[in-house]
Structures are given as structure tokens and as C-alpha cells.
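K.L.:
Pasting a structure here, questions to come.
The values are calculated or read from the model by the stated rules, or taken from the named source; none is laboratory data. Because the structure is a prediction, the values reported are computed rather than measured. Note: ideal-geometry Cβ built from the backbone for every residue, glycine included; neighbour counts use all protein chains shown.
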Amino acid sequence: MHVKRALLYPEKYPTEESYPFNQELFRKTPSFDLSAPVTLLVGQNGTGKSTLLEAISHRCGIHIWRATDRTPLVANRYKQALYKFMRIEWVNGPVPGSFFASDMFRDFAQILDEWASTDPGILKYFGGGSLMTLSHGQSLMSYFRSRYRIKGLYLLDEPETALSPTSQIELVRLIREMSLAGHAQFIVATHSPILLACPEARILSFDSIPVSEVAYEETEHYKVYKAFMEDHDKYLGET
């Protein structure tokens, strides 16, 4: 384990009008307990999971690979400023790491190919071949298997997006194996009941204010999937 806690300072926020500083969750949750080898962030869309992950990444000095930002119709200069009002409590000082989001991964894979054109040896750190030659799901698993064997702090934003259920199970096994080895710590935002089932993981619910720990069987995602599997005709309007 590398990080114990992320602390916010709501009293120092520069505004109450713009996202994310206008969110009650970020005003009433002054700290997030990250002292487990695997912490899972769960909640409905728009509750702030991705925003917190990106803020932790910025505060920890972990680069987020993304293409050049496009100019939005309505600009928000505070959108990525949460990290400026955050402090990270480390266990034994900062460690390297990586931030993963499915929608940014293709940009990273293309950049990696460009690097490999002058330094082919770099590919050995990412599965041994070009990630661009694999399917999206295959390239993700190749990246995960290679990168997460290195000591570090790993932040993942909905990694299940392009993974089959079988690959999601494989990812859970990999996360558990690397966290139990003692050199890798994971913070994962997810909607997947498969990822949420990761043994020994701490689950933080963003559906409550302040954010609180919740048992796997008490997550909305588990309840909905379980009820659907038991009687899917009811949910699909069949009689």
C-alpha cells in the first residue's frame, strides 16, 4: 500500500457556482480513506468518481495521457482544479504510477507506436508488440498484464468498458494478485459487479453524502444485476 488518504479543503474552494466545487459530495466529504490495497469507487453517473480519480492523479504527479483538448462550447476553468485543494497522505513517500481510462487509451497506444518507431525495445514493457494491432479489449489486457507488475499506484476509470465478462474476471484476478504481492495499489471507479466482487477490496459509495464504505451486496449495482438475472422478464416488460 502506498497511499493512506486523500484530503480535501472545502473551506478553500474558489467558487460555489462551478463544477466540481458546487457538488455537495465534495463539500461534505473532507477525506477519502484509501488505506486498502484495492479501493473501488461506485455510484451513479455524474457523482464525481472520475473527477476524484483525476484529481488524485494530478496531485500524485501521475500523467494523464490524452489528445489535445478541444475547446468546449461552454468553458469551465475550474473543471480540473480539484487537485489544487487536495492533500495526499503517503505511507512511505510518493511512488510512480499510471492513470487509465478507456476513452484515452487509444491516444496512448498511438503515441506508444510513435515512440516504438525509433525505440522498438519500449514495447517489451507493454506486452511485446504494438497495441494498435490488437482488438481494443486485447490491447487493454496486454497493457494491464505488463504495467501492473511494476511497483506503483494505479488509478483506473471504468476499465470494464471494452472488456468481456471473461476479461473482467481476468482483470480482477490480476489486480488481486498484484495487490497481494504488496507492490501495487489500485483505486478503481467502476459500474461492473464483477470488478466490485474483488476480494478484500474496500468499496466507497458515491451515492451517499458524505461518501461512505458499503458492502458488495449492498451496492445498487449488485442489487440491480441480481434482480435482473433472477427475473429479467419483469424488467423488460414481458408478461
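K.L.:
Go through F26, F21 for me and flag whichever is assigned to a helix (DSSP H, G or I) and touching a helix residue (DSSP H, G or I) at 6+ places or on another chain (Cβ under 9 Å).
P.N.:
Values: F21 fails: assigned to a helix (DSSP H, G or I).
Just a single option satisfies the conditions, and that option is F26.
K.L.:
Another question, then. Give me the residue from the range 189-239 that is part of a strand (DSSP E or B) and aliphatic (A, V, I, L, M) and, out of that set, farthest from R173 (Cα to Cα).
P.N.:
Ranking the qualifying residues of the range 189-239, first place goes to L204.
K.L.:
Then there is this: Step by step: first the residues of the range 165-224, then only those that are touching a Ser or Thr at 6+ places or on another chain (Cβ under 7 Å) and charged (D, E, K, R), then the one that is nearest to Q138 (Cα to Cα). Which residue is that?
P.N.:
Looking at the filtered set, the residue picked out is R202.
K.L.:
Okay, moving on. Of all residues in the range 85-112, count the ones that are modelled with pLDDT of 70 or more and either closer than 17 Å to H58 by Cα or touching a Ser or Thr at 6+ places or on another chain (Cβ under 7 Å) (or both).
P.N.:
Total meeting the criteria: 17.
K.L.:
Now, a different point. Scan the range 152-161 and give yes if some residue there is touching a helix residue (DSSP H, G or I) at 6+ places or on another chain (Cβ under 7 Å), buried (at least 17 other Cβ atoms within 10 Å of the Cβ), in contact (Cβ under 8 Å) with a residue 12 or more places away in the chain and over 13 Å from F100 (Cα atoms), otherwise no.
P.N.:
no
K.L.:
Please enumerate the residues belonging to the range 163-188 that are part of a helix (DSSP H, G or I) and in contact (Cβ under 8 Å) with a residue 40 or more places away in the chain.
P.N.:
Our first condition is that a residue be part of a helix (DSSP H, G or I); within the range 163-188, this holds for 165-180.
Within the range 163-188, I175, R176, S179, L180 qualify.
K.L.:
Take the range 196-239 and flag every residue that is more than 21 Å from P159 (Cα to Cα) and of a type in the set (S, T, Y).
P.N.:
Residues satisfying the conditions are S208, S212, Y235, T239.
Every residue, every condition in (1) surrounded by 20 or more Cβ atoms within 10 Å (Cβ to Cβ); (2) within 15 Å of L41 (Cβ to Cβ); (3) touching a strand residue (DSSP E or B) at 6+ places or on another chain (Cβ under 8 Å), yes or no:
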position: I175; (1), (2), (3): yes, yes, yes
position: A189; (1), (2), (3): yes, yes, yes
position: R202; (1), (2), (3): no, yes, yes
position: I209; (1), (2), (3): no, yes, no
position: E217; (1), (2), (3): no, no, no
position: H232; (1), (2), (3): no, no, no
